[in-house]
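Written below as C-alpha cells is the structure these notes are about.
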Amino acid sequence: MDRRSTRRPLIKTLHAGRPRPQAQWFAVAAALLLVLATVVYGVIVGWSLTHPARDPLESNPSLWGMPYQDIRFVSATDHLRLHGWWIPAAGSRLTVVVAHGYASNREESGVPVLAVAHALHAMGANVLLFDFRGEGRSPGSLVSVGVYEQRDLRGAVNYAVVRVKASRVVLLGYSMGASTAILEGSQDPRVAGVIADSPFANLAQYLQQNLPVWTHLPAFPFNAIILGILPLLTGVNIRDANPLGVIDQMGHRPILLIAGTDDATIAERNSLRLFQTVRRVDPHAALWLVPRATHVQAFKVSPVAYLQHLYTFLHAIDGKVSRPPASYGF
C-alpha cells in the first residue's frame, strides 16, 4: 500500500483546522470598522449636544404688562453681539440679570422666567434678560455649558453697570445659568449677590456621572469618546466650569442656592456641596431645598415662597425693594 495515500487526508485535515489568512483579515477589519463607527457615532452625539437646536422666542415682556427695550451688548473677550431685553424700573439702582439654562433662551419658559421677571419688576428692580451665545437670537452655534457663557454674563454685567450708574447687580441663574452665575459672581466684585436655582457643582464630575442621561448611550465606551475627543474639536475645557472651586471667593456677598428634592437632571447634592463649601467663609449663605420640585421647578411648586425668598434676598441688598405682588402672573 502506498504510504503517501494514507498521509494526504491527514494533511488536508490539519490545513482545514487552521484559520485562513483572508478570514483573519476580515475579522480584524470588521473589528476596526466597529470601533471607528462607535467613535464617529459618539462624536456626532457629543457634537449635537454642544450644538443644540435653537429654542425660538414665543413671548415678550409687554405681554406681561412690562415696558421693555430690545438691546444688544457685547460679550467679554470675544465681543459677540448678544440679544436681550431691558426692563426698566423708574429710579431703581438695583438690576437683576437673569441667566437661562442649557438649550433654552431668555424666556426659560419652563420656569417661567417672564413670570419671575414680572414679580421682580413689581418689586422695583430693573431686569435684564438675554440669550447666551448659540441660543435664542444670539449669534454663535457652540453651547459650552458654562465655559464661554461666563464671557456672555460678564458682558451683561458690563451693560448693567453702564446703563444704571452705581447699580447694584444681582445675578439670578437657572441650571447652566445658575452655575455660570456662581462662576461670574465669584470673580467679579461688581456683582452684589447671586441666586442660583439648580446649579451643577463641577461640570467635569457632573458629566462623568450623568452624560448617559443626555446621550441615551452607555457610559462605556461613549463617555471616554465624547469627553476625550469633543474638547479637541470644540476647544472647550470643561474643567473651566467648576463653581465648586471658586464659590468661596464670593466672600460675604449674599448667595442663595435653590434646589428641588426631586430633581433628576441635576441632583440636589450639587447644591448641598456648593452650600457646604461657601458656608466655610460665609455663615450667612443660604440654601433652600424645595420638596417635590424637579429641575428648575421650585417657582412652579412654591411660587409664594419663591418670591418671598427673592424679596428677602434683594431687600438685604437694597432696602427700597418692595414686597412681592400678591399675583405672580401664571
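Any read-out appearing in this document is the output of simple, stated calculations on the displayed coordinates, not a laboratory observation. If you're wondering where the values come from, they're calculated on a predicted model, not measured in any experiment. Methodologically, a virtual Cβ is constructed for each residue, glycine included, from the backbone with ideal geometry; neighbour enumeration extends over all protein chains shown.
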Cα-based Debye curve of segment 56-143 sampled at q = 0.10, 0.15, 0.17, 0.22 Å⁻¹ gives log₁₀ I(q)/I(0) of -0.23, -0.52, -0.67, -1.07
Rounded to the nearest 10, the angle in degrees between the Cα long axis of helix 21-50 and the longest principal axis of the Cα atoms of the chain comes to 0
Phi-derived 3J(HN,Hα) across segment 112-117 with the Karplus relation (6.51, -1.76, 1.60, θ = phi - 60°), rounded Hz, x for Gly and Pro, is x, 5, 5, 5, 5, 4
Candidates for volume of the Cα convex hull per residue in Å³ are (1) 117; (2) 151; (3) 164, and the calculated one carries label (3)
Note on segment 250-330: contact order normalised by length, alpha-carbon pairs under 8 Å, 6 or more apart, percent, works out to 30
Of the residues Trp288, Gly140, Asn223, the Cα lying farthest along the dipole of the chain towards its positive end, which is defined by charges on the beta carbon of Lys, Arg, Asp and Glu, belongs to Asn223
Given backbone amide H placed at 1.01 Å from N, residues whose amide H is under 5 Å from that of Leu287, ignoring those fewer than 5 places away on the same chain, are Leu257
Placing each pseudo-label 7 Å from Cα in the direction of the beta carbon, Trp214 and Arg190 end up separated by a distance in nanometres of 2.9
For the chain, the dipole about the Cα centre with charges only on Cβ (Lys and Arg +1, Asp and Glu -1), to the nearest 20 debye, works out at 1340
Taking a ≥ b ≥ c as the square roots of the eigenvalues of the Cα gyration tensor, with a/c under 1.5 meaning rounded and otherwise prolate when a/b exceeds b/c and oblate if not, segment 233-330 is oblate
With the label point 7 Å along the Cα-to-beta-carbon line of Asp248 and a cut-off under 15 Å to each amide N, the hits in segment 263-280 are 273-280
Ordered by fewest other Cβ atoms within 10 Å, a rough proxy for footprinting exposure, Arg190, Arg292 read Arg292, Arg190
Subtracting the Cα-Cα distance of Leu63 and Asp262 from 0.36 nm times their residue separation yields 68.5 nm
In whole angstrom, the spacing between the Cα centers of segment 116-145 and segment 14-81 equals 25
The farthest towards the positive end of the charge dipole of segment 147-190, of the residues Tyr174, Ala156, Ser186, given +1 on Cβ of Lys and Arg and -1 on Cβ of Asp and Glu, is Ala156
Net charge near Arg154 (other residues with Cβ under 10 Å of its Cβ; Lys, Arg +1; Asp, Glu -1) is -2
Tilt, helix 3-17 to longest principal axis of the chain (alpha-carbon atoms), in degrees rounded to tens, equals 0
Residue-ordered couplings for segment 152-159, obtained by feeding phi - 60° into the Karplus form 6.51 cos²θ - 1.76 cosθ + 1.60 and rounding to whole Hz (Gly and Pro as x), are 5, 5, 4, x, 5, 5, 4, 4
Measuring from the longest principal axis of the C-alpha atoms of the chain, the long axis of helix 219-234 (C-alpha) lies at a number of degrees, nearest 10, equal to 60
Highest mean packing first, using Cβ neighbours within 10 angstrom, the peptides 58-66, 301-309 sort as 301-309, 58-66
Ordering 88-94, 315-321, 294-300 by per-residue average of other C-beta atoms within 10 angstrom, highest first, gives 294-300, 88-94, 315-321
Long-range amide H partners of Phe73, meaning residues 5 or more apart or on another chain whose placed amide H is closer than 5 Å, are Leu82
If amide H atoms are modeled at 1.01 Å from N in the peptide plane, then the residues at a separation of 5 or more from Gly136, or on another chain, having amide H under 5 Å from its own are Asp55
